[in-house]
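First the structure, in the form of structure tokens, and then the observations on it.
The values are calculated or read from the model by the stated rules, or taken from the named source; none is laboratory data. Note that the coordinates shown come from a computational prediction; the quantities given were computed from them, not determined experimentally. Glycine gets a Cβ as well: all are built from the backbone with ideal geometry, and neighbour counts include every protein chain shown. The protein model used for the area step is the full one, side chains on, heavy atoms only, and it has no ligands, DNA or RNA in it. Shrake-Rupley method; radii C 1.70, N 1.55, O 1.52, S 1.80 Å.
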Amino acid sequence: MNARSLLAAGALALTLAGCASTTLTSQWADPALGTTKFDRIAVVFQHPDAAFRRSLEDAMAASIPNATPGYRAIDDADIRDEKRTADRLKAARFDALVLMRIVSLDKEVTYVPATMHGPGMPYGRMRGGWAYGWGQVYDPGYLRTDRILTVGTSVYALADEKLVWTSRSETFNPGDIQKLVKDVVEANSKAVRKELGR
């Protein structure tokens with residue numbers, strides 16, 4: 001691999017390192033989850049900014065079958081009142097609630113050490129040493145800062161308001177928040193399917 005190829009490969013690695021990736025770091029399921037069927041699901045993203053919350057609830061609903069954004073059933077004035085919210089959702093015949101919230105946003109600084117790339121050292125003569133020196137590519141060390149967004153997801157069966165699923169996920173270097181929500185939903189859906197053996 002020549003010097004130009006090495007530099008291109010390094011640039012590609014940096015680009016990929018900057019892409020968002022979401023993984024579940026913990027999860028729990030009620031043993032009865034497999035026998036529970038939800039036909040009407042309300043989705044709520046807990047955030048104080050109502051407009052921001054609505055946009056995230058739209059993204060959640062678009063990614064979850066039979067889901068409706070919570071703002072269509074719950075007034076902004078009632079959103080922090082647990083009893084009113086539960087009563088409204090039950091009255092509207094919802095049987096499940098998917099609740100998401102941002103738990104934390106942290107930074108992780110990693111030192112990437114300097115590296116030297118090039119051919120072997122066959123320079124017993126000047127021509128070998130000359131070619132060797134020009135063929136080297138030196139990548140200086142640097143600090144890389146990654147952002148880690150932790151999101152908590154909980155699913156409640158509204159009949160008895162019982163928790164049936166909960167998880168925490170981490171997304172490295174999140175970009176578009178709508179895509180982040182879809183990625184978190186997808187990671188949870190995959191984990192639930194695995195839990196249920198589907």
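Couple of notes before you dig in:
- All conditions in (1) closer than 25 Å to LEU180 by Cα; (2) open to solvent by 30 Å² or more (accessible area, probe 1.4 Å) hold for THR35, with the sole exception of (1).
- Screening the stretch 115-153 for residues that are in a strand (DSSP E or B) and buried (at least 16 other Cβ atoms within 10 Å of the Cβ) and picking the one that is modelled with the lowest pLDDT gives HIS117.
- Flag for PRO65 being over 13 Å from ALA159 (Cα atoms), without any contact (Cβ under 8 Å) to a residue 40 or more places away in the chain, out of contact with any Pro (no Cβ under 7 Å at 6 or more places or on another chain) and crowded, with 17+ Cβ neighbours inside 10 Å: no
- Condition check for VAL181: touching a helix residue (DSSP H, G or I) at 6+ places or on another chain (Cβ under 8 Å), in a helix (DSSP H, G or I), aliphatic (A, V, I, L, M) and open to solvent by less than 20 Å² (accessible area, probe 1.4 Å): yes
- Leading residue by the ranking (surrounded by the most Cβ atoms within 10 Å (Cβ to Cβ)) among those in the stretch 38-62 that are in a helix (DSSP H, G or I) and among the acidic types (Asp, Glu): GLU57
- Test: residue in the stretch 166-174 that is under 30 Å from ILE41 (Cβ atoms) and at pLDDT below 85: yes
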